[in-house]
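Worksheet: one structure, shown below.
The values are calculated or read from the model by the stated rules, or taken from the named source; none is laboratory data. Please read these numbers as outputs of a predicted model, since none were measured by experiment. Quick reminder, even Gly has a Cβ in these numbers, built from the backbone with ideal geometry, and neighbours come from all protein chains shown.
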């Protein structure tokens, strides 16, 4: 990948967690939560990341932000390797890279007033007077659609959607360029989800933000994303422009996910594909293609040879020996 093309580059990143046992904590294996994943995110775009629970999406997000160290590979932000950055450079990177968490209540300290929650990043990274911080809090709350006169209240006095707006206000307080939204709307009611998504898209245009948007809901991802990456058991299995990927999935697993999307009418409804068997353990993944034990199109080659992520057309990549036609 060319460093000039992407704001964020993920190159062959791995994150393994040791499995330990006994009094001596002897390592007997590895949980391969993220295993040799590569992709890039351009400035100003939204890259959606989807997959079943436990596929490694959230772990990848935390490695990407250097909240967890990588076992292997490299992650670059604006051409800088974030895992080899010194303390001063890393502090600067922290200002430019922020995260919105899934739980709009658990991510907010219930003992803090809303104004203190939103101003906390400013206290850490900026030299500002109390009046300047209060003015900034008012500005941020208005930007995310909250009544600034309620800044002296506690998080429990707000609804779930409002608490997530508080989280968004915290995330944009330092004028970041890149934000990871880790299941940022999955805990919200459907009507509130659309409001928060529209807010995120509005802020993206106004502030020039770049998003990594992680979600289970494919309709949500389709609504907000420019490109989509599909993960399965720690591996990236398909990447493509959103409309192309939804219109014609190339990987069987992507096809399975899309078949589960509820359709508004009974006309032209494709039959849902039901997978057989359980998701394998990332501590003991299958040989060859990790999806082959559940794939309805698997052949002998799939059981022994692991497919690599290959470019098949402009902006389209798939890791499958026998991609769908």
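Just a few scattered comments:
- Restricting attention to the range 198-234, the residues that are within 25 Å of residue 310 (Cβ to Cβ) and assigned to a strand (DSSP E or B) total 9.
- Of the listed requirements (1) in contact (Cβ under 8 Å) with a residue 12 or more places away in the chain; (2) farther than 16 Å from residue 199 by Cβ, residue 172 misses just one: (2).
- Test: residue in the range 190-197 that is closer than 23 Å to residue 258 by Cα, in contact (Cβ under 8 Å) with a residue 12 or more places away in the chain, assigned to a helix (DSSP H, G or I) and within 15 Å of the chain's Cα centre (by Cα): yes
- Check on residue 207, touching a residue at least 12 places away in the same chain (Cβ under 8 Å), more than 18 Å from the chain's Cα centre (by Cα) and closer than 26 Å to residue 77 by Cα: yes
- Listed by first and then second residue, the pairs linking a residue in the range 101-112 that is farther than 20 Å from residue 200 by Cα to a residue that is in a loop (DSSP other than H, G, I, E, B), with Cβ atoms under 9 Å apart and 6 or more places separating them unless they lie on different chains, are 110/154; 111/154; 112/154.
- Among the residues of this structure, residue 307 counts as one that is within 20 Å of residue 56 (Cβ to Cβ), at pLDDT 90 or above, touching a strand residue (DSSP E or B) at 6+ places or on another chain (Cβ under 9 Å) and assigned to a loop (DSSP other than H, G, I, E, B).
- Pair list, Cβ < 6 Å and 6+ apart or interchain, from the range 284-311 residues that are surrounded by fewer than 13 Cβ atoms within 10 Å (Cβ to Cβ) to residues that are assigned to a strand (DSSP E or B): 311/317
- Residue 219 falls short on exactly one of the conditions (1) surrounded by fewer than 16 Cβ atoms within 10 Å (Cβ to Cβ); (2) over 16 Å from the mean Cα position of the chain (by Cα), and that condition is (2).
- Evaluation of residue 140 against (1) surrounded by fewer than 19 Cβ atoms within 10 Å (Cβ to Cβ); (2) in a helix (DSSP H, G or I) (one fails), failing number: (1)
- Complete set of residues in the range 68-93 that are within 28 Å of residue 30 (Cα to Cα), assigned to a loop (DSSP other than H, G, I, E, B) and out of contact with any helix residue (DSSP H, G or I) (no Cβ under 8 Å at 6 or more places or on another chain): 71, 83, 84
- Enumeration of residues in the range 25-48 that are touching a helix residue (DSSP H, G or I) at 6+ places or on another chain (Cβ under 8 Å) and within 13 Å of residue 233 (Cα to Cα): 33, 34, 37
- Here residue 73 qualifies as buried (at least 17 other Cβ atoms within 10 Å of the Cβ) and over 27 Å from residue 202 (Cβ atoms).
- Looking across the range 167-189 at every residue that is in a loop (DSSP other than H, G, I, E, B) and closer than 26 Å to residue 52 by Cβ, the one that is nearest to the chain's Cα centre (by Cα) is identified as 183.
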